[in-house]
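Engineer: Before anything else, here's the structure in question.
The values are calculated or read from the model by the stated rules, or taken from the named source; none is laboratory data. Please read these numbers as outputs of a predicted model, since none were measured by experiment. Cβ sites come from the backbone with ideal geometry, for glycine too, and all protein chains shown count toward neighbours. Each accessible area value is taken on the protein alone, full model and side chains, heavy atoms only, with ligands, DNA and RNA left out. Shrake-Rupley method; radii C 1.70, N 1.55, O 1.52, S 1.80 Å.
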Amino acid sequence: MTRPNADIVVIGGSSGSIPVLIKILDGIPAGFSIPVVIVVHRLKNVDSDLKAILGSRHTITEPEDKEPVLNGHIYLAPQNYHLLVEEDRTFSLDYSELINFSRPSIDVTFAGVADIYKERSIGIVLSGSNKDGAEGLQAIIAAGGMGVVQDPLSAEYTIMPEAAIAMNTAAMVLTPSNIITTIFSIPGNRQTM
Amino acid sequence: MMREITNEELTELLILVQAQYGYDFTGYATSSIKRRVLRFLQLANVTLYDLKYHITNDPDFFIWFKQSLTVNVTEMFRDPHFYRKLREVVIPVLATYPVIKIWHAGCATGEEPFSMAILLHEAGLLDRARIYATDLNDANLQKAATGIIPLPAMKHYIANYQMTGGTADFADYYTARYDNAIIHNELRRNIIFSQHNLVTDYVFNEFQLICCRNVLIYFNRDLQNHVTDLFCRSMAPLGFLALGTKESLLFSEQRNKFEVVSLKDKIFRLKNDQAKC
């Protein structure tokens, strides 16, 4: 199997995705250098511990508007905003209508990343119970990037991965362990210091 | 499959709008304005070519387009901890002024100025306050002037209000009728709704507090600098500037002119030696 180089990994998850995200983050090797952006459906207007829950091994940042997207950093889309990326590789935020009943929406971030990073983007759709992420993954694959979906058999909620697979026959379907070995141990994604 | 437009096509469109109607969207952040345009193409079910044709020939169509291009989403007491901080830190300072002047820049349909009016009312300051609430869109201002808010949204705002430390009965602030709530007139009496374009319009008064929350995120860095400079020049000495929780002065040219009041709630204060910067 050819393993593509990439400049960014975006991960989208909803219900049932937190344990999977923790597992994936635990599996990211220290030398993994490209930015990882996580979009998880979250409640708004309540203090959230998600950053702390996910950040046991890595430092996780909720980006502010116009903050540069840096290699080796793990970012979490802030509550109640859509997260986008600009041409100059800075984040920008958007407080517009909910998409798929969600803000942040996975589709919005995936489509934005596809537009900027094109074939050098990897999108991963995890467990969830709505259809957010399917169109975004389609945009990433259409731009020449790599689409990955959590194997529904391994997912607590299957609607989201099933919708992503239905719309994207080219997507790779992988268990969480295989996501770690396939995506996060790509030699080209590691920086040799 | 989603439609796509290139950056060049986007620029051409925005320049057409500017030439024809004088509204300058060229300094908006590319990623979000592109999304807005794509969303409108889908909504109106037109091609980019049709869009340009209609904009050129039909001013009413342009009004619809302009209304869809800007983000008009807002809520009362969004980010309750921000309003709690206003109560605790900013309002006691405002209380020392004989006349309190506040500017809500980009007020959308008025939910934030209504929230501010409630805070001032509860501090006993509303009578000597003037709240200037401005927006680019006439349709927003017309809706804001009615003081009407859909009742289901209001129920959600009650929870927000209580998290700000509000102890009054929120239902005393509005009258519910059918599916709508109308904010009481005495709360709205000192709010002045007016059209103002942050990109092209100038300083029009001097304020002790400027609230511009979740507006700068739609602008690129140059335009952000331009607008922050406008705010500096619209501020009374030691005035406060409140931004959205994910907006920062960190990347702005004016960052040294302000001190941080609350980093979490993005409340800043013009430094003493920076009056009329």
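Engineer: Can you tell which of B:Leu151, B:Leu141 is at pLDDT 95 or above, touching an Asp or Glu at 6+ places or on another chain (Cβ under 8 Å) and more than 14 Å from every other protein chain (Cβ to nearest Cβ)?
Structural biologist: The conditions single out B:Leu141.
Engineer: Which one is nearest to the other protein chains (Cβ to nearest Cβ) among residues in region A:77-98 that are over 17 Å from B:Asn220 (Cβ atoms) and open to solvent by 10 Å² or more (accessible area, probe 1.4 Å)?
Structural biologist: A:Glu97
Engineer: Okay, moving on. Here's a check for you: in region B:209-231, which residue that is of a type outside the set (Phe, Trp, Tyr) and in contact with a helix residue (DSSP H, G or I) (Cβ under 6 Å, 6 or more places away or on another chain) is farthest from B:Thr109 (Cα to Cα)?
Structural biologist: To start, the set of residues in region B:209-231 that are of a type outside the set (Phe, Trp, Tyr) comprises B:209-217, B:220-230.
If we keep only those that are in contact with a helix residue (DSSP H, G or I) (Cβ under 6 Å, 6 or more places away or on another chain) too, we end up with B:210, B:216, B:224.
Values: B:Ile210: 17, B:Leu216: 17, B:Gln224: 22 Å.
Looking at the filtered set, the residue picked out is B:Gln224.
Engineer: Could you tell me whether any residue of region B:237-245 is within 14 Å of chain A (Cβ to nearest Cβ), modelled with pLDDT of 95 or more, in contact with a Lys or Arg (Cβ under 9 Å, 6 or more places away or on another chain) and assigned to a strand (DSSP E or B)?
Structural biologist: So the first thing to find is which residues in region B:237-245 are within 14 Å of chain A (Cβ to nearest Cβ), and the list is B:243-245.
Filter once more, keeping what is modelled with pLDDT of 95 or more: B:243-244.
From what is left, the residues that are in contact with a Lys or Arg (Cβ under 9 Å, 6 or more places away or on another chain) are B:243-244.
Filter once more, so that each one left must be assigned to a strand (DSSP E or B): B:243.
Yes, there is a match, as at least one residue in region B:237-245 is within 14 Å of chain A (Cβ to nearest Cβ), modelled with pLDDT of 95 or more, in contact with a Lys or Arg (Cβ under 9 Å, 6 or more places away or on another chain) and assigned to a strand (DSSP E or B).
Engineer: Now for a different question. Would you confirm, using the coordinates I've provided, whether B:Ser68 is within 14 Å of chain A (Cβ to nearest Cβ), in contact with a Lys or Arg (Cβ under 9 Å, 6 or more places away or on another chain), crowded, with 22+ Cβ neighbours inside 10 Å and assigned to a helix (DSSP H, G or I)?
Structural biologist: It is false that B:Ser68 is within 14 Å of chain A (Cβ to nearest Cβ), in contact with a Lys or Arg (Cβ under 9 Å, 6 or more places away or on another chain), crowded, with 22+ Cβ neighbours inside 10 Å and assigned to a helix (DSSP H, G or I).
Engineer: What number goes with the only condition from (1) open to solvent by 60 Å² or more (accessible area, probe 1.4 Å); (2) under 21 Å from A:Asn80 (Cα atoms) that B:His226 does not pass?
Structural biologist: For B:His226, the failing item is (2).
Engineer: From A:Ile106, A:Ile60, A:Ile28, grab the single residue that is open to solvent by 10 Å² or more (accessible area, probe 1.4 Å), in contact with a His (Cβ under 9 Å, 6 or more places away or on another chain) and of a type in the set (A, V, I, L, M).
Structural biologist: A:Ile60
Engineer: Conditions first: (1) closer than 22 Å to A:Ile22 by Cα; (2) crowded, with 24+ Cβ neighbours inside 10 Å; (3) not basic (Lys, Arg). A:Phe184 passes all but one, so which condition is the exception?
Structural biologist: Failed condition: (2).
Engineer: Whether any residue in region A:128-140 is buried (at least 21 other Cβ atoms within 10 Å of the Cβ), outside any loop (DSSP other than H, G, I, E, B), within 11 Å of chain B (Cβ to nearest Cβ) and among the hydrophobic types (A, V, I, L, M, F, W, C) is what I want to check. Please lay out each step first, then the result.
Structural biologist: Applying the first criterion (buried (at least 21 other Cβ atoms within 10 Å of the Cβ)) to region A:128-140 yields A:128, A:132-140.
Retained after the next criterion (residues that are outside any loop (DSSP other than H, G, I, E, B)): A:134-140.
Now restrict to residues that are within 11 Å of chain B (Cβ to nearest Cβ): A:135-136, A:138-139.
Still in the list and also among the hydrophobic types (A, V, I, L, M, F, W, C): A:139.
Looking through region A:128-140, at least one residue is buried (at least 21 other Cβ atoms within 10 Å of the Cβ), outside any loop (DSSP other than H, G, I, E, B), within 11 Å of chain B (Cβ to nearest Cβ) and among the hydrophobic types (A, V, I, L, M, F, W, C).
Engineer: If I ask for residues that are in contact with a Ser or Thr (Cβ under 9 Å, 6 or more places away or on another chain), part of a loop (DSSP other than H, G, I, E, B) and over 20 Å from B:Tyr83 (Cβ atoms), which ones from region B:250-264 would you list?
Structural biologist: Listed by number, the residues that qualify are B:Phe251, B:Ser252, B:Glu253, B:Gln254.
Engineer: Inspect region B:207-221 for any residue being modelled with pLDDT under 95, closer than 28 Å to A:Glu97 by Cα, surrounded by fewer than 17 Cβ atoms within 10 Å (Cβ to Cβ) and touching a strand residue (DSSP E or B) at 6+ places or on another chain (Cβ under 9 Å) and give the result as yes or no.
Structural biologist: No: zero hits.
Engineer: Take the residues of region B:71-93 that are touching a Gly at 6+ places or on another chain (Cβ under 9 Å) and more than 14 Å from chain A (Cβ to nearest Cβ): which is surrounded by the most Cβ atoms within 10 Å (Cβ to Cβ)?
Structural biologist: Among those residues, the one meeting the criterion is B:Arg87.
Engineer: Name the one entry in B:Phe193, B:Phe219, B:Phe207 that is within 14 Å of chain A (Cβ to nearest Cβ) and touching a residue at least 60 places away in the same chain (Cβ under 8 Å).
Structural biologist: B:Phe219 is the lone residue from the list that is within 14 Å of chain A (Cβ to nearest Cβ) and touching a residue at least 60 places away in the same chain (Cβ under 8 Å).
Engineer: Just checking, how many residues over region A:108-127 are more than 9 Å from chain B (Cβ to nearest Cβ) and free of Cβ contacts under 8 Å to residues at least 60 places away in the same chain?
Structural biologist: 2
Engineer: Restricting region A:56-108 to residues that are at pLDDT 90 or above and of a type in the set (Lys, Arg), which is nearest to B:Lys246 (Cα to Cα)?
Structural biologist: Here the residue is A:Lys66.
Engineer: Same structure again: Restricting the search to region B:94-122, which residues are closer than 20 Å to B:Leu241 by Cβ, surrounded by fewer than 17 Cβ atoms within 10 Å (Cβ to Cβ) and out of contact with any strand residue (DSSP E or B) (no Cβ under 8 Å at 6 or more places or on another chain)?
Structural biologist: B:Ala95, B:Thr96
Engineer: Moving on. Filtering region B:1-55 down to residues that are more than 10 Å from every other protein chain (Cβ to nearest Cβ) and basic (Lys, Arg), which residue is surrounded by the most Cβ atoms within 10 Å (Cβ to Cβ)?
Structural biologist: B:Lys52
Engineer: Can you go through B:Arg39, B:Arg35 and tell me which one is in a helix (DSSP H, G or I), within 22 Å of the chain's Cα centre (by Cα), in contact (Cβ under 8 Å) with a residue 24 or more places away in the chain and not assigned by TED's automatic domain parsing to the domain that holds B:Thr200?
Structural biologist: Going through B:Arg39, B:Arg35 in turn, just one is in a helix (DSSP H, G or I), within 22 Å of the chain's Cα centre (by Cα), in contact (Cβ under 8 Å) with a residue 24 or more places away in the chain and not assigned by TED's automatic domain parsing to the domain that holds B:Thr200: B:Arg39.
Engineer: Okay, next question. Take the residues of region A:143-163 that are touching a helix residue (DSSP H, G or I) at 6+ places or on another chain (Cβ under 7 Å) and in a helix (DSSP H, G or I): which is surrounded by the most Cβ atoms within 10 Å (Cβ to Cβ)?
Structural biologist: Across region A:143-163, the extreme among qualifying residues is A:Pro161.
Engineer: Could you please tell me which pairs satisfy a Cβ distance under 8 Å, a separation of 6+ or placement on different chains, a first residue in region A:53-72 that is facing chain B (nearest Cβ under 8 Å) and in contact (Cβ under 8 Å) with a residue 12 or more places away in the chain, and a second residue that is open to solvent by 80 Å² or more (accessible area, probe 1.4 Å) and not in a loop (DSSP other than H, G, I, E, B)?
Structural biologist: Once the first residue is facing chain B (nearest Cβ under 8 Å) and in contact (Cβ under 8 Å) with a residue 12 or more places away in the chain and sits in region A:53-72, its partners that are open to solvent by 80 Å² or more (accessible area, probe 1.4 Å) and not in a loop (DSSP other than H, G, I, E, B) give A:Glu62/A:Lys51; A:Lys66/B:Arg221.
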